1. Please determine, by comparing only the residues of region 45-70 that are outside any loop (DSSP other than H, G, I, E, B), charged (D, E, K, R) and over 17 Å from residue 11 (Cα atoms), which one is modelled with the lowest pLDDT.
2. Would you mind telling me which numbered condition in (1) at pLDDT below 85; (2) open to solvent by less than 60 Å² (accessible area, probe 1.4 Å); (3) within 13 Å of the chain's Cα centre (by Cα) residue 37 fails?
3. For region 1-32, give me each residue that is among the acidic types (Asp, Glu) and part of a loop (DSSP other than H, G, I, E, B).
Amino acid sequence: MLGDEDGPATVSVHATAEEAWRALDREVRARCGCGRAPAGDDPDSATRLADAWRSGDPEARFWQICPHRLPLMVPEIGRPWSPPGTDRD
């Protein structure tokens, strides 16, 4: 999640932590007018950049990476429903 007083917060979901750190780096660079990140950037450099961006206006800028997964219920599609206690073969 990334946001400031200039608009709604940006929330994104990524398959890996590396993707999340790269997305944070890209978004902060875009918001502060920085160029592209040098090859091989790591989470520590993305954190430093995001912290520096936030410190420019700490009351209005925020970022957060949640390294956990949310449980999602995905319905089963294409299978007939059977009442509990009956066998499906």
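The values are calculated or read from the model by the stated rules, or taken from the named source; none is laboratory data. Remember, it's a predicted structure, so these values are computed and weren't measured experimentally. Please note that ligands, DNA and RNA were not included when accessible areas were found on the heavy atoms of the full protein model with its side chains. Shrake-Rupley method; radii C 1.70, N 1.55, O 1.52, S 1.80 Å.
1. Taking the candidates together, the pick is 48.
2. (3)
3. Passing the criteria: 5, 6.
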